[in-house]
Amino acid sequence: MGQDCQRGLGSVAAKIHTLSERGGIPLTALVSAANTNDHLLLEQLVDSVTPVKGPVGRPRRRPGKLHADKGYDYRTCRAALRRRGITARIARKGVESPTRLGRHRCVIERCLEWVTRFRRLARRYERKAEHFASFARLACAVICYRRTTKLTLLPSNNPK
């Protein structure tokens, strides 16, 4: 995530990796060079999720299952998820058609579209990767806040 972003055509190219929940609300975001394979950041992405406090009990740290596209179809990815107790729902190369993953893929595509609506993320203006990553995380926080106020999940919005 550091200064290893790819430079080309006078600008720095970066890729945003996002992990979202089932409704499309982004839980975490990481930034890497544009030429980095997705599967190399899967463990770091899953580990960067902060605990989500539920109504009762210990805060949930990791998801129960993780849907991913064929870019994550590697033994190392499946083993890393298995070590963390997460069920891997990853499309296999050459076995499954891409249409089966469509209903789960549209959720993350919608999440990425929400993130790139922020002008500073659609086109990269920052020179430092840390600043760009910070704006990506800030965009995720703003999206979460807007969704919770829209769904009236905040205690201040619930009329009694």
### Task
At 0.36 nm per residue, minus the direct Cα-Cα distance, what do HIS131 and ALA13 gain on full extension? Give it in nm, one decimal, please.
41.1 nm
## Note on the structure
Most exposed first, judged by fewest Cβ atoms within 10 angstrom, VAL95, VAL142 run VAL95, VAL142
### Query
With the radius of gyration and the Kirkwood radius both derived from the Cα set of the stretch 28-95, what is their ratio Rg to Rh?
1.01
### Query
How far apart, in nm, are two points set 7 Å out from the Cα along the Cα-to-Cβ line at ARG92 and at GLN44?
3.0 nm
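Readers should treat all values here as calculations from the given coordinates under stated rules, not as data from a laboratory. This one's a predicted model, so the numbers in the text were calculated from it and none came from an experiment. All Cβ positions, glycine included, derive from the backbone under ideal geometry; neighbour counts span all protein chains shown.
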